[in-house]
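Down below is the structure, laid out as structure tokens.
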Amino acid sequence: MKKILTTPIKDEDLEDLKAGDIVYLTGQLVTCRDVAHRRLIELGRELPVDLVGGAIFHAGPIVREKDDGSYEMVSIGPTTSMRMEKFERHFIEETGVKLIVGKGGMGPETAAGCRENKAVHAVFPGGCAVVAATKVEAIEGAEWTDLGMPETLWINRVREFGPLIISIDTKGNNIFETNKARFNEKKGPILEKISSQLKFIK
Amino acid sequence: MSVIRQDDFISSVADALQFISYYHPIDFVQGVHEAYLKEQNPAARDAMAQILINSRMSAEGHRPICQDTGIVTVFCKIGMNVTWDAKMSVTDMINEGVRRAYNNPDNVLRASILADPAGKRQNTKDNTPAVIHYEVVEGDEVEVHIAAKGGGSENKSKMVMLNPSDSIVDWVVKTVPTMGAGWCPPGMLGLGIGGTAEKAAVLAKESLMDPIDIHELRERGPQNRVEELRLEIMDAVNALGIGAQGLGGLTTVLDVKIKDYPTHAASLPVCMIPNCAATRHTHFKLNGNGPAVLTPPSLEDWPEVTFEVGANTRRVNLDEITPEEVATWNVGDTILLNGKMLTGRDAAHKRMIEMLNNGEQLPVDLKGRFIYYVGPVDPVRDEVVGPAGPTTSTRMDKFTRQILEQTGLLGMIGKSERGPVAIEAIRDNKAVYLMAVGGAAYLVSKAITSAEVLAFPELGMEAIYEFEVKDMPVTVAVDVNGESVHTTGPAKWKEIIARSA
């Protein structure tokens, strides 16, 4: 059965989710990336959007401004989440955000933040930005537009946005860290084999 | 509209390359002199004295400052209204200029460029091709910035894609100590910030084409973030205490140059390229009125510096040297070498190791001898040998234990630090490692009274020579106990600088 999260997201909605599960989101999804994180954490500026029980998307979309001044989502794919790693733990604590969507894994700080505040990180497949745009029903607002199109906080209303693959669950399990350990185990014997076949200068 | 003639362009390139092979930029000489006057660590001060004396000797004798006469790097800005009276492409003309300059019989420069870099690595014999960056600009002039970049410093270049929120200063301060001293400090750091990966690298190199002017910046005060960064990075790096030739001291960098370019919202590319003590660059413009005229500096622009034989200096006769005498040397001691030594670098070491592995006898008996890591420039006129400064020793680290243990070699002479593997081998075999000043190549060559090829003549500048030397100045860098001046020196001076701050 399709698991659908709806904002505002409550702790119990996330309790049973495990790293590797697939979910969809309905409700509000706010784009929020490098500079927004820095403004909140480094500069102490208040975010112009209430994220309690909310969802953010590490993304810099393409948005078209229509003649009547409203906006249309053209293309919206994820950006690398790891750049936000050093801010995310604080960010979760400060904002009460419950779902963080992005690309690639995040690190131990974010995992700690997810565990402490019952939040999750999920990945949306990179490079599928047009599919993602079709899940955006409307852009309901734009904040901090001084940052330019990629960094503006775009407030999207989405319906069954996904698939979102849970990469960090509320227990702090991190699918990317688990996989990394597995890959590293495989590396040893391969490296040994290659090393014996390579010499310094030919 | 101006017409640039083929011969004018080629001879301008050739003349500029000859010019920079023996004339340091005066701003660089002044920068080193200032650092020399300020320096409190005697070993670092001696090293800078050698660099300054070498610089003046090169200017006087029209011989290369360093035996590594570099890879030619050109930034060429071509005005849109320029037309060419030429049969060759601009790239071919530049390479023809390189060819003429490096094979000039009055001052032959070392041909260091190898084709097929991942395969045969075959010397092109004339130092071509140059690395050329073009820009098409407004106007009716051709502007050329030209440099001869040494391999030792180029090898220490670093590139990183930072997160936009990361500190560039932190990255530089973390990275510079990992570069060792093979880039021959004191020199400059060139940083390219922004753009894309390759743009940052080109910006970093281009930034090194500018003269040293950090003093002016410090006086008038920074007016933007890039100018602030230059000062912050310079102060933070000098506080590391690495010092001239990595011996520990007050000055590691003379200037920090930065060029920047807009970048992607997700990106902060940074490339750092160090420039060595053999900083060689100049620029000229052509507008159709004949070849470029480069005005030679006056010898009076060089400071009067003498290399004093101080209390901690001793003369050593290599023909009578014993392990017992070597055991009395301490790191930081200055030694004037006399007598006969052998030479050998990458290719000769590789050959020797192969022969040892096959159980063959080496063509030269190394027992009790000293080997100098060098690839000299060919001599001209009545010279015994061309400029012959040391090459980076760490490239020989992986061979050191086997050579010491199987041949009984007593000492090595080279440039900058040794790695842990080599230091342990030196300690275990009660051997010694001496450091000659990188970039003082012409000075060293003047201490060489005879040179003879003993083995592997087909390796050219990488053959094994026997040099006879008179008062060749070196510093004890790793002693028989495995103490390394490149560890103790910077650590000590970092602390001294921190305390006086």
- Note on the structure: Contact list, first residue from the range B:392-403 and within 14 Å of chain A (Cβ to nearest Cβ), second anywhere and basic (K, R) and not in a helix (DSSP H, G or I), beta-carbon distance below 7 Å, six or more apart or interchain, is B:T394/B:R418; B:D397/B:R418
- Query: Do we have B:Q406 as at pLDDT 90 or above, of a type in the set (S, T, N, Q) and part of a loop (DSSP other than H, G, I, E, B) here?
  - Reply: no
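Looking only at the range B:151-169, filter to residues that are of a type in the set (G, A, S) and in contact with an Asp or Glu (Cβ under 7 Å, 6 or more places away or on another chain); which one of those is nearest to the other protein chains (Cβ to nearest Cβ)? Working first, answer last.
Applying the first criterion (of a type in the set (G, A, S)) to the range B:151-169 yields B:151-153, B:157, B:165, B:167.
When the remaining residues are screened for being in contact with an Asp or Glu (Cβ under 7 Å, 6 or more places away or on another chain), the result is B:151-152, B:165.
Numbers: B:G151: 16, B:G152: 18, B:S165: 5 Å.
By that ranking, first place goes to B:S165.
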- Output yes when any residue across the range B:138-150 is more than 30 Å from A:V35 (Cβ to Cβ), at pLDDT below 95 and either more than 13 Å from the chain's Cα centre (by Cα) or away from chain A (no Cβ under 14 Å) (or both), and no when none is. yes
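Looking only at the range B:372-403, filter to residues that are assigned to a helix (DSSP H, G or I) and of a type in the set (K, R); which one of those is nearest to B:G150 (Cα to Cα)?
Step one: filter the range B:372-403 for residues assigned to a helix (DSSP H, G or I), giving B:393-403.
Retained after the next criterion (residues that are of a type in the set (K, R)): B:395, B:398, B:401.
Numbers: B:R395: 16, B:K398: 23, B:R401: 28 Å.
Among those that are assigned to a helix (DSSP H, G or I) and of a type in the set (K, R), it is B:R395.
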- Message: Which residue is surrounded by the fewest Cβ atoms within 10 Å (Cβ to Cβ), if the candidates are limited to the range B:58-78 and must be in a loop (DSSP other than H, G, I, E, B) and of a type outside the set (A, V, I, L, M)?
- Response: B:H62
- Query: In the range B:202-222, what residues are crowded, with 17+ Cβ neighbours inside 10 Å, touching a helix residue (DSSP H, G or I) at 6+ places or on another chain (Cβ under 7 Å) and assigned to a helix (DSSP H, G or I)?
  - Reply: B:I214, B:L217
- Within the range B:174-201, the residues that are more than 27 Å from B:H24 (Cβ to Cβ) and touching a helix residue (DSSP H, G or I) at 6+ places or on another chain (Cβ under 7 Å) are B:I193, B:G194, B:G195
- Message: I'm trying to understand the selection: among the residues of the range A:18-41, which are buried (at least 21 other Cβ atoms within 10 Å of the Cβ) and not in a strand (DSSP E or B)?
- Response: A:A19, A:C32, A:R33, A:D34, A:V35, A:A36, A:H37
- Which numbered condition B:C76 misses (of (1) in contact with an Asp or Glu (Cβ under 8 Å, 6 or more places away or on another chain); (2) without any contact (Cβ under 8 Å) to a residue 60 or more places away in the chain): (2)
- Message: Against the condition touching a Pro at 6+ places or on another chain (Cβ under 8 Å), hydroxyl-bearing (S, T, Y) and more than 23 Å from B:G246 (Cβ to Cβ), how does B:T279 come out, does it pass?
- Response: no
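Just to be sure before I move on: is B:G248 closer than 16 Å to B:T178 by Cα and more than 14 Å from chain A (Cβ to nearest Cβ) in the structure I sent?
Values: closer than 16 Å to B:T178 by Cα: yes; more than 14 Å from chain A (Cβ to nearest Cβ): yes.
Against the criterion (closer than 16 Å to B:T178 by Cα and more than 14 Å from chain A (Cβ to nearest Cβ)), B:G248 qualifies.
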- Query: Looking at the range A:175-194, is at least one residue of a type in the set (A, V, I, L, M), closer than 22 Å to A:R89 by Cα and crowded, with 19+ Cβ neighbours inside 10 Å?
  - Reply: yes
- Do we have A:T80 as within 14 Å of chain B (Cβ to nearest Cβ), touching a strand residue (DSSP E or B) at 6+ places or on another chain (Cβ under 7 Å), within 19 Å of A:A132 (Cβ to Cβ) and surrounded by fewer than 19 Cβ atoms within 10 Å (Cβ to Cβ) here? yes
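Out of curiosity, is B:P274 in contact (Cβ under 8 Å) with a residue 12 or more places away in the chain and surrounded by fewer than 23 Cβ atoms within 10 Å (Cβ to Cβ)? Can you show your working first?
On the way: in contact (Cβ under 8 Å) with a residue 12 or more places away in the chain: yes; surrounded by fewer than 23 Cβ atoms within 10 Å (Cβ to Cβ): no.
No; evaluated as a whole, the condition is false for this residue.
Residues of the range B:255-271 being surrounded by 20 or more Cβ atoms within 10 Å (Cβ to Cβ) and of a type in the set (V, I, T), which ones?
Keep residues of the range B:255-271 that are surrounded by 20 or more Cβ atoms within 10 Å (Cβ to Cβ), which gives B:255-259, B:268-271.
Scanning the range B:255-271 gives B:V256, B:I258, B:V270.
So which residues in the range B:152-177 are touching a residue at least 40 places away in the same chain (Cβ under 8 Å) and either in contact with a Gly (Cβ under 6 Å, 6 or more places away or on another chain) or in a loop (DSSP other than H, G, I, E, B) (or both), if there are any at all? If you could, list the steps in order and put the result at the bottom.
Quick first cut of the range B:152-177, residues touching a residue at least 40 places away in the same chain (Cβ under 8 Å) only: B:152-164, B:166, B:168-169, B:171-173, B:175-177.
Within the range B:152-177, B:G152, B:N155, B:K156, B:S157, B:N163, B:P164, B:D166 meet the criteria.
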- Using the structure shown, decide if A:I62 is of a type in the set (V, I, T), surrounded by 14 or more Cβ atoms within 10 Å (Cβ to Cβ) and away from chain B (no Cβ under 14 Å). no
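Would you mind stating whether B:P185 is touching a residue at least 24 places away in the same chain (Cβ under 8 Å), assigned to a loop (DSSP other than H, G, I, E, B) and within 18 Å of B:D260 (Cα to Cα)? Can you show your working first?
Values: touching a residue at least 24 places away in the same chain (Cβ under 8 Å): yes; assigned to a loop (DSSP other than H, G, I, E, B): yes; within 18 Å of B:D260 (Cα to Cα): no.
For B:P185, the condition - touching a residue at least 24 places away in the same chain (Cβ under 8 Å), assigned to a loop (DSSP other than H, G, I, E, B) and within 18 Å of B:D260 (Cα to Cα) - is not met.
Let's see how each residue does on (1) away from chain B (no Cβ under 14 Å); (2) surrounded by 15 or more Cβ atoms within 10 Å (Cβ to Cβ); (3) within 14 Å of A:V63 (Cβ to Cβ):
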{"site": "A:H121", "(1), (2), (3)": "yes, yes, no"}
{"site": "A:C128", "(1), (2), (3)": "yes, no, no"}
{"site": "A:V136", "(1), (2), (3)": "yes, yes, yes"}
{"site": "A:I139", "(1), (2), (3)": "yes, yes, yes"}
{"site": "A:W144", "(1), (2), (3)": "no, yes, yes"}
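Scan the range B:263-289 residue by residue and report those that are away from chain A (no Cβ under 14 Å), in a strand (DSSP E or B) and of a type outside the set (F, W, Y).
Step one: list which residues in the range B:263-289 are away from chain A (no Cβ under 14 Å), which gives B:270-289.
Checking the rest, the ones that are also in a strand (DSSP E or B) come to B:270-275, B:281-286.
Result: B:V270, B:C271, B:M272, B:I273, B:P274, B:N275, B:H281, B:T282, B:H283, B:K285, B:L286.
The values are calculated or read from the model by the stated rules, or taken from the named source; none is laboratory data. From a predicted model like this one, the values you see are computed outputs, not experimental measurements. Virtual Cβ from ideal backbone geometry, glycine too; neighbours counted across all protein chains shown.
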